[in-house]
Amino acid sequence: MGAGQLPAGGVRGGFLVDTGRARAVESRTGARDGENPRVNDEHDTHDLPGPSLWPIGFAIGVACVLIGLVISIPVLIVGAVVALVFGFLWVRDLFVSRPVTAAAAGLPDVAPEADLGDNVDRATFLSLATIGVSGLIGAGVTLPALGFGVLPSFMGEGVDTFDVDLGPISNFPEGQYVIATYLESPEQGEVSRRTAFIRNNGRTDDGVPSFTTIFSRCAHLGCPVQPNGPIDEEAKKDVNGVELRPVLAASFGCPCHGGLYDSEGNRMAGPPVRSLDRYEFSIKDGNLVLGRLFSVGTVQGVGASAKIMKYYKAYPGVHVDGIERWLYPIPTPGSTS
Amino acid sequence: MATKTSRKHSLADAALIPLDWTEERSGLVGYTKWFLFRKVPHDISWAQTLGAASLTAFIVQATTGVFLAMYYKPDPSNAYSSIQNITEELTLGWLVRGMHKWGASVFIILMFLHMARVFLFGAYKYPRELNWILGALILVSGMAEGFTGYLLPWDNTAYWATVVGININATGPFVGPFLAQFLQGGLMIGPDTLPKFYALHMLVLPGAIMALIGLHLYLVVRLGVTSPPWSKTAAGRERGPEAGAREGLIREPATEGDSA
């Protein structure tokens, strides 16, 4: 359908923009596309099925399938059923509207009860079948490829949690931050190098060892946050590939856009939308072991008695609390496992 | 004299024979002539060449990119050293990489200038709205090329700029975190991120841009070049009083008789 098919003079102010040159090779008659005598306007209009709600139902079904892929299998199944049912009804509608064409075109009338196949002439059937089979083949190739390209990311694949052993807790002096730099996964190499700020808080009132374990990525857009204070390079230690450097950090600052955090990781100034992320940790055989990351809304209190608002690990810049969290209703795949 | 003329003739024949041979079997020569020697309004200027300039910049990117791809190694442990090898060891590698790197900015700048020309000349108006939309998609794809290409040197600038870029994507409402997860194949940039960006940069996005440029050019040829807004001659087709006053946007179409 091109602009050349506008009914001549039928649209006020409409342009016939076909320059009339492209057809020079085939057509010497100068007939325009829209004026081609073989194309009968009346015929065209009768081929169009009437307005129908089935496509809308079909679209809703497809939408449910897509949402279901992310949220849950039952939603996916319901969506698939809805899409199939409405898709069937839609296709049936398209076929049922065919007899009207035959009648309007002056072909021999057929009884409405007659078998559907009788009303579809051979050429129409063959072209529909060709289109249908080609579509099936195309879908059979495209859908798996697209699914492979996109879905792994939505299933939380590639999001592995590595427990990292930072060595004996005696390396962490009480009340002082230590910058721990380590490879999350030695197989992945340098690309998995991470930095954590660890502070030994002594013991809680219940006698449980307490550590503040802050992840170095800024809660604004993920730049590497730096401790604001002198680093004691003399006291640097290397414990099984983990580099430990004590630092006198009263606050943390981000060099990229000026985010500023206090010693507990709470945002004090700048663009960050929440506090610095933290690690879950455990102590195994006297060693401090970092587990998976989680996000923090705010921290009330200090050190061992701090109350930490804990959420699933979210991307930097994503709100975890307040009204803005409704903009991010689905937890990031892989963060909840 | 006579021998000179006939030699000239035979030379011309020697040049024309392969062209005629091709033309007779494909019609491509005639079609190329028709494509290159279309009629345009008489009062166009250098401003209307910005689109062709953008296309040239894209072709430069595609050509240099193909050869860079032969030496670049898209995995975290080899990427940086392969870039160093291209720049410092291989003959003319510094030049081709420089063309690709600086040409990227030229491509984006030319697209913006072209867009400004189209906007200020009103050339996006009826019936060319669709071509504006296609152009906007080319611009977005071009900027995505810039984003994915920026990671490939795999130095600290590339790494942290991409961290920030991906996390900006992640702040998009509802779909942002999934988009970020798709881009980097995990919660943070990992071993899968670089090959993914590379594939997007050299296969997916260039393919999309080529297809879009094809459609864009098709519409340019079909709809013709716009007269400038200050044009004294109405380039639009003659039409009756009932057709309204939308003139000056369409070039004079070829008359019906001269179809060759």
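Each value in this text was obtained by applying a stated rule to the coordinates, not by laboratory testing. Everything numeric here is computed off the predicted structure, so don't read it as measured data. Note: ideal-geometry Cβ built from the backbone for every residue, glycine included; neighbour counts use all protein chains shown.
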Local electrostatic count at B:GLY185 - Lys and Arg +1, Asp and Glu -1, tallied over other residues with Cβ under 9 Å | -1
Structure-based [θ]222 nm, chain B - -39500 (n - 2.57) summed over DSSP H runs of at least 4, per residue, nearest 500 | -21000 deg cm²/dmol
Say each of B:VAL66 and B:LEU120 gets a label point 7 Å from the Cα, pointing the same way as Cα to Cβ; how far apart are those two points in nm?
-> 3.6
Scoring only Lys, Arg, Asp and Glu (+1, +1, -1, -1) among other residues with Cβ under 14 Å from the Cβ of A:LEU244 yields -1
Using Cα centres only, tell me the gap between region B:92-142 and region B:159-232 in whole Å.
-> 13
State the extension gain, in nm to one decimal, for the chain segment bounded by A:THR142 and A:ILE60, taking 0.36 nm per residue of separation less the distance between their alpha-carbons.
-> 27.4 nm
For B:VAL221 and A:MET268, what does the FRET efficiency come to when R0 = 51 Å and r is the distance between their Cβ atoms, rounded to the nearest 0.05?
-> 0.30
Could you work out how far apart the two model spin labels at A:VAL239 and B:VAL175 are, taking each label as a point 7 Å from the Cα in the direction of the beta carbon, and quote it in nm?
-> 4.6
Enter the mean number of other protein chain beta carbons within 10 Å of the beta carbon of each residue in B:183-196, as an integer.
-> 5
Across peptide A:191-198, what mean number of C-beta atoms from other chains lies inside 10 Å of a residue's C-beta?
-> 2
Ranking A:ILE323, A:ILE77 by Cβ neighbours within 10 Å, fewest first, what do you get?
-> A:ILE323, A:ILE77
Under Karplus coefficients 6.51, -1.76 and 1.60, residue-wise ³J(HN,Hα) of region A:317-329 in Hz, glycine/proline x = x, 9, 6, 10, 9, x, 5, 5, 5, 5, 6, 10, x
Shape category assigned to region A:130-289 from the gyration tensor of Cα positions, a/c cut at 1.5 = prolate
Counting other chain Cβ atoms within 10 Å of each Cβ in B:163-170 and taking the mean gives 6
Counting Lys and Arg as +1 and Asp and Glu as -1 over every other residue whose Cβ sits under 15 Å from the Cβ of B:ALA14, the net charge comes to 0
Under 1.5 on a/c is rounded, so check that first for chain B, then, if it is not, pick prolate when a/b is larger than b/c and oblate when it is not; a ≥ b ≥ c are the square roots of the alpha carbon gyration tensor eigenvalues.
-> oblate
At a Förster distance of 41 Å, what's the computed FRET efficiency of A:ILE73 paired with A:SER134, Cβ-Cβ distance as r, to 0.05?
-> 0.85
On the formula 1/(1 + (r/R0)^6), with r taken between the Cβ atoms of A:PHE125 and A:LEU89 and R0 of 22 Å, the FRET efficiency rounded to 0.05 is 0.60
